[in-house]
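A.B. asks: Here it is, the structure, as structure tokens.
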Amino acid sequence: MVDFAGWDMPINYGSQIAEHTLVREHAGVFDVSHMTVVDISGEDALSYLQYLLANDAGKLDAVGRALYSAMLNEEGGVIDDLIVYRLEQGYRLVVNCATREKDLNWMAAQAGEFKVVIKERPDLAILAVHGPESIEKVCSILPSPQRDTVRGLGNFRGVELPDNWFIARTGYTGEKGLELMFPRALAGQIWDTLLGSGVQPIGLGARDTLRLEAGMNLYGHDMDESTSPLAANMEQTIAWTPESRKFIGSEALARHKKLQAQGGLPELTGLVLESRGVLREGQKVITDKGEGIITSGGFSPTLKHSIALARIPVESKNCQVDLRGTLTPVRIVTPSFVRFGKKVFQ
């Protein structure tokens with residue numbers, strides 16, 4: 001157990017590699033109740049979110065739809081990345097735990113003239129169940145009328161259920177899975193019921209190796225307030241149209257995009273080391289276009305070798321990493337390594 005932004009969190013329950021493999025092959029449950037849930041309501045909820053977020057909440061054209069986005073500062077740096085869901089009565093944001101206070105203060109400061117209610121939801125717990133067997137395992141503990149509804153959810157879709165439940169097809173592992181939000185008083189009971197159905201508990205260690213294999217960013221490592229989303233493989237979190245929508249950081253992003261077109265902005269990409277050694281955060285990267293740095297790295301239990309995310313000069317072809325003073329060749333790949341248990345790069 002370790003302290004994680006004021007929460008006691010498990011690094012592992014047993015073997016970290018075994019936990020990782022369980023999620024890739026069967027089903028595992030993560031207690032992610034430390035994540036901050038914020039509900040946005042009021043007559044200006046949509047226009048407020050269209051100003052607050054780089055992606056366009058207007059895309060959420062049906063209740064239950066979800067969208068990955070970021071809040072940016074005026075300089076175009078990433079304050080936080082998040083998921084926003086459309087609810088029957090407004091919207092729900094799930095933001096990072098370590099940035100909770102900063103995020104809440106920023107949201108309140110940007111509310112201005114908007115007629116919105118910003119409500120944190122510490123009364124809710126979140127359990128994430130992921131792996132090839134995850135959806136059937138979750139459905140096995142639900143009342144029969146709800147099972148078909150949850151089975152039928154598409155990716156980045158959710159559903160509100162009775163008694164303040166919300167279940168969504170979102171997650172952080174690169175596997176099929178569900179995130180369950182419900183009253184925190186039920187957390188122990190639901191956890192035990194899931195374990196009784198054959199789902200295994202998974203700690204922070206495996207959560208990190210799973211997200212790294214999936215090429216998913218970790219806030220504070222792969223991006224932060226000094227990082228443009230264009231230099232963090234996050235262009236999909238930006239809605240450039242309609243041009244009439246002016247969101248926080250949009251003018252700065254327009255400058256970043258011009259810089260990117262001129263090759264003056266680095267990119268976040270994937271690195272693969274198939275020889276011996278381990279790629280780690282902070283290691284220097286040397287390319288034919290200049291220097292870069294590893295932002296996240298480690299051993300991939302699925303691939304049986306080391307992988308990393310690294311910020312390097314654009315159009316780099318040849319690449320080496322400084323491993324304890326020795327420049328070691330690595331391969332540059334699209335920053336996604338494993339999805340649904342299978343290698344996805346060439």
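The values are calculated or read from the model by the stated rules, or taken from the named source; none is laboratory data. Quick caveat, the model's predicted, so the values are computed rather than measured. With ideal geometry, Cβ positions are generated from the backbone for all residues, glycine too; neighbour counts draw on all protein chains shown.
A.B. asks: Report, ordered by the first and then the second residue, all pairs with beta carbons closer than 6 Å, sequence separation of six or more or different chains, a first member in region 89-117 that is over 25 Å from residue 164 (Cα atoms) and in contact (Cβ under 8 Å) with a residue 12 or more places away in the chain, and a second member that is in a loop (DSSP other than H, G, I, E, B) and not small (Gly, Ala, Ser).
C.D. replies: Qualifying pairs under 6 Å: 114/44.
A.B. asks: Only one residue in 272, 314, 321 is touching a Gly at 6+ places or on another chain (Cβ under 7 Å) and modelled with pLDDT of 95 or more, so which one is that? Lay out the reasoning, then the answer.
C.D. replies: Numbers: 272 fails: touching a Gly at 6+ places or on another chain (Cβ under 7 Å); 321 fails: touching a Gly at 6+ places or on another chain (Cβ under 7 Å).
On inspection, the qualifying residue turns out to be 314.
A.B. asks: Now for a separate question. So is residue 90 under 20 Å from residue 246 (Cβ atoms), out of contact with any Gly (no Cβ under 6 Å at 6 or more places or on another chain) and in the same structural domain as residue 185 (by TED's automatic domain parsing) or not? Show your work before the answer.
C.D. replies: Details: under 20 Å from residue 246 (Cβ atoms): no; out of contact with any Gly (no Cβ under 6 Å at 6 or more places or on another chain): yes; in the same structural domain as residue 185 (by TED's automatic domain parsing): yes.
Criteria not met by residue 90.
A.B. asks: Just one of 279, 327, 303, 265 is in a strand (DSSP E or B) and of a type outside the set (Val, Ile, Thr); which is it?
C.D. replies: Working: 279 fails: in a strand (DSSP E or B); 303 fails: in a strand (DSSP E or B); 265 fails: in a strand (DSSP E or B).
On inspection, the qualifying residue turns out to be 327.
A.B. asks: Pick out, from region 133-194, the strands (runs of 3 or more DSSP E) lying fully within it that include 1 or more residues that are under 29 Å from residue 81 (Cβ atoms) and without any contact (Cβ under 8 Å) to a residue 40 or more places away in the chain.
C.D. replies: Details: elements: 158-161, 165-168, 177-183.
It comes to 158-161, 165-168.
A.B. asks: Are any residues in region 93-128 farther than 12 Å from residue 40 by Cα and surrounded by fewer than 16 Cβ atoms within 10 Å (Cβ to Cβ), and if so, which ones?
C.D. replies: Hits for region 93-128 are 101, 102, 105, 109, 110, 112, 113, 122, 123.
A.B. asks: Moving on to the next point. Of the residues 262, 320, 283, only one is free of Cβ contacts under 8 Å to residues at least 24 places away in the same chain, polar (S, T, N, Q) and at negative phi; which? Spell out how you get there, then give the answer.
C.D. replies: Working: 320 fails: free of Cβ contacts under 8 Å to residues at least 24 places away in the same chain; 283 fails: free of Cβ contacts under 8 Å to residues at least 24 places away in the same chain.
Result of the check over 262, 320, 283: 262.
A.B. asks: Okay, moving on. Is at least one residue of region 98-113 aliphatic (A, V, I, L, M) and within 20 Å of residue 178 (Cα to Cα)?
C.D. replies: First, pick out the residues of region 98-113 that are aliphatic (A, V, I, L, M): 98, 104, 107-109, 111.
The next check asks that each one be within 20 Å of residue 178 (Cα to Cα); those that pass are none.
Scanning region 98-113, I find no residue that is aliphatic (A, V, I, L, M) and within 20 Å of residue 178 (Cα to Cα), so the answer is no.
A.B. asks: Moving to a separate point now. Which count do you get for residues in region 1-48 that are aromatic (Phe, Trp, Tyr) and either buried (at least 18 other Cβ atoms within 10 Å of the Cβ) or at positive phi (or both)? I'd like the intermediate steps shown before the answer.
C.D. replies: Taking region 1-48 first, the residues aromatic (Phe, Trp, Tyr) are 4, 7, 13, 30, 48.
Keeping just the survivors that are either buried (at least 18 other Cβ atoms within 10 Å of the Cβ) or at positive phi (or both) gives 30, 48.
So the answer is 2.
A.B. asks: Another question about this same structure. For region 94-123, what are the residues that are touching a helix residue (DSSP H, G or I) at 6+ places or on another chain (Cβ under 8 Å) and closer than 26 Å to residue 221 by Cβ?
C.D. replies: 95, 96, 107, 110, 120, 122
A.B. asks: Considering only region 28-48, state which residues are aliphatic (A, V, I, L, M) and in contact with a strand residue (DSSP E or B) (Cβ under 6 Å, 6 or more places away or on another chain).
C.D. replies: Step one: filter region 28-48 for residues aliphatic (A, V, I, L, M), giving 29, 32, 35, 37-38, 40, 45-46.
Correct list: 29, 32, 35, 37, 38, 40, 45.
A.B. asks: Of the residues in region 282-300, how many are assigned to a strand (DSSP E or B) and either within 17 Å of residue 222 (Cβ to Cβ) or acidic (Asp, Glu) (or both)?
C.D. replies: We begin by selecting, within region 282-300, every residue assigned to a strand (DSSP E or B); these are 284-287, 290-300.
Retained after the next criterion (residues that are either within 17 Å of residue 222 (Cβ to Cβ) or acidic (Asp, Glu) (or both)): 284-285, 291-298, 300.
Of the residues in that region, 11 qualify.
A.B. asks: Okay, next question. Going residue by residue through region 280-298, is there one that turns out to be under 26 Å from the mean Cα position of the chain (by Cα), surrounded by fewer than 14 Cβ atoms within 10 Å (Cβ to Cβ) and small (Gly, Ala, Ser)?
C.D. replies: Taking region 280-298 as the starting set, the residues that turn out to be under 26 Å from the mean Cα position of the chain (by Cα) are 280-285, 292-298.
Still in the running and surrounded by fewer than 14 Cβ atoms within 10 Å (Cβ to Cβ): 282.
Then drop every residue that is not small (Gly, Ala, Ser), which leaves 282.
Checked against the condition, which is being under 26 Å from the mean Cα position of the chain (by Cα), surrounded by fewer than 14 Cβ atoms within 10 Å (Cβ to Cβ) and small (Gly, Ala, Ser), region 280-298 yields at least one hit.
A.B. asks: Find the residue count for region 213-250, including only residues that are closer than 25 Å to residue 309 by Cα and either among the basic types (Lys, Arg) or in a helix (DSSP H, G or I) (or both).
C.D. replies: The total comes to 7.
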